[in-house]
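To keep things clear, I will list the structure first and then write my remarks on it.
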Amino acid sequence: MSLNLKSIVVEYLKQNPDKPFTAMEIAKWVSKNYPDECRDKLDRSPKIDNMPDLERQIRREIYRASYTGGLQKEGIKTLEDNPRKFYFTETSDEEEITNVETNKTSIDSKQNNLVVKELDLYPVLSEFLWNQLGLLSTRIDERRSSNLKGVGGNKWLYPDLVGLQDLSDEWHQEIKDCVKQYADKKTKLWSFEVKILINRSNVREAFFQAVSNSSWANFGYLVANKIEGIDTMKELRILSSLHGIGFIRLDIENPTESQIVIPAKERNEIDWDTANRLTNENKDFLEYIKLIRQFYQTGEIRDGDWNINTD
């Protein structure tokens, strides 16, 4: 009895629409539900002599089918998590983006019945930035803008979060006093554009929104809770190599498991003209600039001014 793995995997995922599974979860299901076929495969594999090894082999074959496009041709999609997850949906790429942006549904943690909104991602990102990078961050709400560009104009102007990196935290006080006249030498300013889901239908728009909104900062990042598709990840890497914007995959359930997938390229100078425009048009950005000025003048940071949890 031959194990037609691709057909079995496709059928299983279609029976469980919109639910993501890891390759190992699928492999264990296959070994449990197709014992005779798995035993036959085990007998015909001279280098595999037990069921756990066979499950690992099945996992590798599922990955191989995804890399070669065999699963995609059957309508199976991938979430570029760690580890990668596979799911079937009848919803198009464009419809998935519309659904998550209007909070109709979320691709995240369907098995746990969680509905994720973009607003839910901001505190998780702040926690990750503080705990893993020592980076202070604060929210920029486009609704607090003058909206001089009309409907939708702020979409390409303001990032969702901005950050301050204190390079002088461990410096001697004499050094801190010495560089007060050269404030830009002891800080780096960061900018973050946050999305719930990125797939083939919105990857370029989301990326260039990050480019536009982060042009003033030392480091610019696109952040997403979920990214769907191998081709989507390839596109991000190509765009990043051209424009220097990095990518962070955010794990909302385990913020410490979030990761910088693509590091951003540093811009040596702050674009103060663009920063001035943002300051004039948005009250949150104005408060951010005030915090930076305060730090330049005093060398002190008050935790309560930033989105950090020091408990």
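No lab work stands behind these numbers, since they all come straight from the coordinates. Source: prediction; values computed, not measured. Using ideal geometry, Cβ is built from the backbone for each residue, glycine included, and neighbour counts are taken over all protein chains shown.
Structure notes:
- Sequence-distant residues sharing a close amide H with Glu228 (under 5 Å, placed H): Glu80, Ile198, Asn199
- Relative contact order, percent, the stretch 118-305 [alpha-carbon distance under 8 Å, six or more residues apart]: 21
- Here the spin labels are modelled as points 7 Å beyond Cα on the Cα-Cβ line, and at Asn99 and Asp141 they lie 3.0 nm apart.
- Here's how it looks for Val223: its modeled amide H is under 5 Å from those of Glu193, Val194, Lys195, Ile248, which are all 5 or more places away or on a different chain.
- Most fluctuating residue given options Ser145, Ser240, Ser168, as computed from a GNM of the chain linking Cα atoms under 10 Å: Ser168
- Amide H contacts of Asp141 (H built 1.01 Å from N, in plane; Pro and chain starts excluded): Asp284 sit under 5 Å, all sequence-distant by 5 or more or on other chains.
- On Cα atoms only, tilt of 203-213 relative to the major axis of the chain in degrees: 10
- As a proxy for reagent exposure, ranking His243, His172 by other Cβ atoms within 10 Å from fewest up yields His172, His243.
- Whole-Hz ³J(HN,Hα) from phi, Karplus 6.51 cos²θ - 1.76 cosθ + 1.60, for the stretch 216-230, glycine and proline x: 8, 8, 5, 10, x, 10, 9, 10, 9, 6, 9, 10, 10, x, 4
- Helix 5-15 axis versus longest C-alpha principal axis of the chain: approximately 60°, rounded to the nearest ten.
- Residue-wise HN-Hα coupling along the stretch 93-98, computed from phi with Karplus coefficients 6.51, -1.76, 1.60 (Hz; x: Gly, Pro): 4, 5, 5, 4, 5, 4
- Footprinting exposure proxy ranking of Glu257, Glu281, fewest other C-beta atoms within 10 angstrom first, gives Glu257, Glu281.
- Here the Karplus curve 6.51 cos²θ - 1.76 cosθ + 1.60, taken at θ = phi - 60°, turns the phi angles of the stretch 264-273 into couplings of 6, 8, 6, 9, 5, 10, 6, 7, 6, 5 Hz, with x standing for Gly and Pro.
- Order of Ile227, Ile76 under a 10 Å beta carbon neighbour criterion, fewest first: Ile76, Ile227
- Sparse-neighbour loop sites [trypsin sites (Lys or Arg not before Pro); the stretch 1-80; at most 12 other C-beta within 10 Å; DSSP]: Arg44, Lys47
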